[in-house]
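The values are calculated or read from the model by the stated rules, or taken from the named source; none is laboratory data. Keep in mind that this is a model prediction, so the values were computed, not measured. Cβ coordinates were reconstructed from backbone atoms using ideal geometry, including for glycine residues, and neighbour counts include every protein chain displayed.
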């Protein structure tokens, strides 16, 4: 890492040798340890989520000394999902529970509160809020069979916050947090847990936006066609209006100014329909574009509290790229200085003290899983605090190189190649084409990726392609993937692989294709479409019969889920059959490995079972790895170690 004369003070730098070496498998299958940090409003304390011995809790640290003064540990099967400062002493946090159906813990929707010194610890909201205090004759708390999201911290009111309360839906004997019922707007006391319902927003799957004074006059929501829409009103007594009547279609509100007089919206621009941000002034009825000149979507933005608007946008045409809104901004100026100092790494200003003398910044890259620094805006010094995946030295990891190509039909497609760090000049390397899931709201990045680093550490080059339909390159590019799951999307993957093999001198006779979810499907379909390109194929939690997406998956149970499938896959039975790998098992000559969780409800295990059955009938019996207590992905670290060791063994047997 190159650091400029900004005088970055690195505390506790590691000293692992930089030479390439085979690292333990656990270094890549373990979850991160130092996760995220938030600075208190007065800047004197930091709340930090930490994983220790398999549990995620949070610590409260004195900013000046980094001494621990408080914190909360999680129970078995749970983790602290998020933690927020409400005022200088009070924090509100949420829990998440591990579920066998998912490859990540799921937030419970409950809210808990505690002071930084561990006093006044209480349940504020959720299905256990009343139960926890039922012995008190003075209890005014009530159980809420609902989930909560904070929508305003109500600056100036140290006792209350504004939340959106999403009632759960009862189906048979169970409640589900679907967010399909209209949310309530609720004032919540962060010390006593008393709540006051103000109103109900008349939209389903809705995200209300609130000003600092608690006014809720904008909302974005999802309609039954799985499209995002927006509504607004002038005040609580007015009727809601469709925002498209005022601005036209395609505008989605993301944030409000503190006084609620300006709304910042996502909008699509140009022929490619790239996502940018615009400001709509409610008093003048004027629109101002904040970010221009992008080659890819604005995916993140940084807020200037003094100007009270977004001032830095981040897009990812290849690597990250910054875009600065017009106007004089201290936040933008500091960001420019820090971005230049960290030499090509991604820099995000994550939280700041109220007086803006202290800023917590997060720095990351393809070889840096993430570091936190404390930046003093007066001395211009940034002090290192800690690094995620602290056991990994960035110098031992492999950098990623972007590439792009023009598809056979003229569409520009981007991708990434990561080569082993110890590659000898001219050595033709075995490779793995790794396909992302989704596919339509997901993409690959030149960020740290533990799977990529594991494979390169074992000597394999990794090829990734952001095929049409992927996120990040405009709505027009995303729509090109609709109803092309087994067609043009696979064409892009195959052409991208050929381009990478040629440009990076990879060994065309030692290649494997691998992916999870849609990636598992696409890996199998790639082996169908190009039987001579890959020596092996690994499908992880893949859908192999597209009809099952309609008949077996829980996607259709969600609001708008069926409409999404019709838009993305179509309803032509002949095409769905033609695009289903299970119907083409005899065309697959590559060796096959299938990995699946038996509790998967998104892509039920019948997909893997039928694919394995057809491959066996075709004389190509696959290696089959089943996880009885996992669903759509394996989360527990022991299971992850088993999975990736088996994957490495399979690769070694077929392309080493």
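Observations, loosely collected:
- Number of residues in region 79-115 that are more than 17 Å from residue 38 (Cα to Cα) and in a loop (DSSP other than H, G, I, E, B) equals 10.
- Selection of helices (runs of 4 or more DSSP H) fully inside region 471-579 by the criterion of at least 1 residues being closer than 27 Å to residue 604 by Cα and modelled with pLDDT under 95 returns 561-569.
- Sole residue being modelled with pLDDT of 95 or more and in a loop (DSSP other than H, G, I, E, B), chosen from 11, 7, 59, 23: 23
- Subset of region 218-244 that is more than 14 Å from residue 265 (Cα to Cα), surrounded by 14 or more Cβ atoms within 10 Å (Cβ to Cβ) and touching a strand residue (DSSP E or B) at 6+ places or on another chain (Cβ under 8 Å) - its residue that is modelled with the lowest pLDDT: 223
- From the options 293, 260, residue that is modelled with pLDDT under 95, farther than 26 Å from residue 401 by Cβ and not in a helix (DSSP H, G or I): 260
- Selection from region 163-213 of residues that are within 29 Å of residue 267 (Cα to Cα), over 28 Å from the mean Cα position of the chain (by Cα) and in a loop (DSSP other than H, G, I, E, B): 202, 213
- Summed over region 441-466, the residues that are modelled with pLDDT under 95 and over 16 Å from the mean Cα position of the chain (by Cα) give a count of 0.
- Subset of region 321-349 (residues that are farther than 22 Å from residue 279 by Cα, in a strand (DSSP E or B) and either at pLDDT below 95 or touching a helix residue (DSSP H, G or I) at 6+ places or on another chain (Cβ under 6 Å) (or both)): 347
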